[in-house]
Each structure stands twice: as structure tokens, then as C-alpha cells.
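Read the figures in this text as sums done on the coordinates, not as results from a lab. Predicted model, so just to flag it, every value in this text is computed and none were measured. With ideal geometry, Cβ positions are generated from the backbone for all residues, glycine too; neighbour counts draw on all protein chains shown.
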């Protein structure tokens, strides 16, 4: 594996401190807080360690406080129920003595049943689109590096191929929709649990930002606050995160200084593999003179 992927796998591999107690490392991705996807992926990993012969089919999480990327995070798992077909777990992520995330996850013994799904929209193939790093280079030609937020320049373990031009390139009002192809920058081990943890991690990209698209602003605006409040994820079908997946996102509403985004994730063959929902703070502060 490439070093950046090895680091991602290490990040999502927790140290067991006790039967239901785990510790995870933190990473600085260029923001003043721990990336929410990291805490989601680690909390799911902690829950996974306490379940056998069942796979996660859904998770629901609330972000309570911003995490400190310079300190580890403790994950406490409550084994709430183990039934004949389903198991339920509750995970609290703790840092500096305070909870920063609550997560509930449900696991199911695999079984067959009725099936239907929404169709995947017709979009260009990933090899027909520019990589997100190309857009960042384009931005660097217009804006000094010192004026850009560090997270925009941070090297990521994923390739992103947006269908629409990113709003930070052209912050004009648009439809509140976005489609993005993504995959890891290299192969991952054949571990279904790891791929689900990684999908939880990467599902936090692009979601709440889609809620800004109808407005003449972008994630680069210095007077815009975007902070995740909650996150829900439903796993539907098998997938690999080291193969191209299409993230189809729509923001049906923004109100009360909050934005709502719904996402669907498809394999290249059109199979729907996951559904995501997130609400976040979307607060626009008055511009200051100068």
C-alpha cells in the first residue's frame, strides 16, 4: 500500500484498552478540529470489534464538540443488544474527559430478501473528468497559497473527480446538487469491515458543502461557518472503496442557520451501496470592513 493509505488503515485500527474500551490516534488535515469522518470511521471500528458474524447496516451519530487533532480519542462501546438477527451498539467518543460524538450502530446477520433501488443518474465516467487536485492547482494560479485554508492543500488518501465545477472556483448560485466520483488512491486489503469504516470516513466529504451551492458563497468564504451536527449512513450492498464510487448529493433545504444534505453512493455498475444524510450549521456572518 501507498504510505498515505497505510496511514489511513492505521488511523482506523484502534488499540484495545479493555473489553469495550478502545483508543484511536488523531490526524491534522488542515483544520482547527478533528475531521468528522475520522471520528465516524473510528467509532464504527470500535463497534465492529465487539460484534461477530454480523455486518453493520446503519449508523446514526451526533457531533457534540470539536475534537482536538493533537490528542488521541477514547471510544467506549455499550453492547446494548444481541438478538437472533440484529445487534445494537452505542459508542461514545471521549477526549479530554468530554464526549465529542455519540454513535448508534446496528449490525445484521446477512440474509436475502426483496430488492429494489433508485437508478444511478447518467454522468460522465471518472476518466472523463478532472481530478479535484487539478482544480486546486487552478486556484493556486489565481490565489496565493498563503491565502488558502490548509485543508484545501492537504494531501488526501482519496481521488475525487467532481462532475460539477467546484464552487470555490466559480462561486455563482447553482442547483443544490452535486455528483462526485471517488476511490482510495490505491488498493486496500480484502476486509469488508475496513471498507465500511473507510466509507464512513469518506462519506463526510462534500455533503454539507452542497447546501451552499444555491448561494453566492463557498467553503472558502471567511464569513461562512460550516459544522456537522449529525450524520446517518445506511449500508445497502457490497462495495469496495478502492474502486470508483459515485456520490450523488442533494440539499433539499436550508433554514434556521442549518443546511441539510442527502447522499446516495453507487458502484460503477449502477448498484446503490449506501445512503447518507447530514445536517450541519450553515451560518453566514456579516462581512467586516477590510
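Points to keep in mind about this one:
- Each helix, a run of at least 4 DSSP H residues, gives -39500 (n - 2.57); summed and divided by the residues of the chain, these come to -4500 deg cm²/dmol at 222 nm.
- Applying Stokes-Einstein at 25 °C and 0.890 mPa s to the Kirkwood radius of the chain, computed over alpha-carbon pairs, gives a translational diffusion coefficient of 124 µm² s⁻¹.
- Protection-proxy order for peptides 234-243, 111-120, each taking the mean of Cβ atoms within 10 Å per residue, highest first: 234-243, 111-120
- Gained length - residue 57 relative to residue 15, 0.36 nm times residue gap less alpha-carbon distance: 12.7 nm
- Taking label positions 7 Å along the Cα-Cβ direction at both residue 112 and residue 283, the computed distance is 5.3 nm, reported to one decimal.
- C-alpha long axis of helix 36-48 to longest principal axis of the chain, angle in °: 10 degrees
- Prolate/oblate/rounded call for the stretch 65-159, Cα gyration tensor, a/c under 1.5 rounded: oblate
- In terms of its C-alpha gyration tensor, the stretch 10-143 has an oblate overall shape, because the principal axis ratio a/c (a ≥ b ≥ c, square roots of the eigenvalues) is not below 1.5 and a/b does not outweigh b/c.
- Between the Cα long axis of helix 192-202 and the first principal axis of the chain there is an angle of about 30°, rounded to the nearest 10.
- Cubic angstrom per residue, convex hull over Cα atoms of the stretch 1-71: 116 Å³
- Computed lengthening from residue 269 to residue 65, 0.36 nm per intervening residue step minus Cα-Cα distance: 69.6 nm
- Rg/Rh for the stretch 190-273, where both radii come from Cα atoms and Rh is the Kirkwood radius: 1.02
- Going from the residue with the fewest nearby Cβ atoms within 10 Å to the one with the most, 224, 59 rank 224, 59.
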